[in-house]
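Written out below as structure tokens is the structure these notes cover.
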Amino acid sequence: MGCGTIRTGKQKDFSQRLLTIFEGLAEVMDLQQPEVAAVEDVFVANNPRSALKLGQARGAAVVAAMKYGVGVYDYSPRQVKQAVVGYGQAPKEQVQHMVRMLLELSGAPSPDAADALAVAICHANHLDRL
């Protein structure tokens, strides 16, 4: 069991970045053979262009899961923060800290890995309600 991030690099065009996300997750699916995937809904703040790109990246992740027959569950950012911190408006740093505490990690995960782990924790908390 582990956690990590898929890095796309700044030099590649956006279509290539989406392919990198898809292929990276396909490798994870092959290696880990998960039964389910949990993803966070896109949050639209001040920059609609960033939200659109994030939505496309999320789509690449969902398609990778579906290609491997993995069920996908969606959670709002508020639900994720509520599940991990107990407060739906918690800052990223607090989520990162609570992920480390809840999973008894020896070190702090990267912010991106902490976000992904928080979504997994949220899903685990919702299993009895599904």
**Asked** Quick one: which of 24-32, 90-98, 102-110, 116-124 comes out on top by average Cβ neighbours within 10 Å, and what's the full order, highest first?
**Response** 116-124, 90-98, 24-32, 102-110
**Relative contact order (%) - the chain, alpha-carbon pairs under 8 angstrom, separation at least six** = 24
**Message:** With the cut-off at 1.5 for a/c, could you classify region 91-130 from its C-alpha gyration tensor as rounded, prolate or oblate?
**Reply:** prolate
**Request:** Pairs to check: Lys10/Lys81; Lys12/Lys67; Lys53/Lys92. Give those whose C-alpha atoms are more than 27 Å from each other in this structure.
**Result:** Lys10/Lys81
**Asked** With helices defined as uninterrupted DSSP H runs, which ones in the chain have an alpha carbon span along their own long axis of at least 18 Å and mean Kyte-Doolittle hydropathy of at least -1.0?
**Response** 14-32, 48-67, 111-126
**Request:** List the equivalent ellipsoid semi-axes of the chain in whole Å, largest first, each obtained as the square root of 5λ for an eigenvalue λ of the Cα gyration tensor.
**Result:** 23, 18, 15
**Prompt:** What number, in percent, do you get for the relative contact order of region 76-130 if the mean sequence gap of Cα pairs under 8 Å and at least 6 apart is divided by its residue count?
**Reply:** 34
**Complete:** Rounded to whole angstrom, the alpha-carbon centroid of region 11-30 lies from that of region 44-93 at a distance of 17
**Complete:** Row for region 12-71, column shape: gyration tensor on C-alpha, a ≥ b ≥ c, rounded if a/c < 1.5 i.e. under 1.5, prolate if a/b over b/c, else oblate; value oblate
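Every number in this text was worked out from the coordinates using simple rules, so none of it is lab data. Just so it is clear, the structure is predicted and the values come from calculations on it, not from any experiment. Virtual Cβ from ideal backbone geometry, glycine too; neighbours counted across all protein chains shown.
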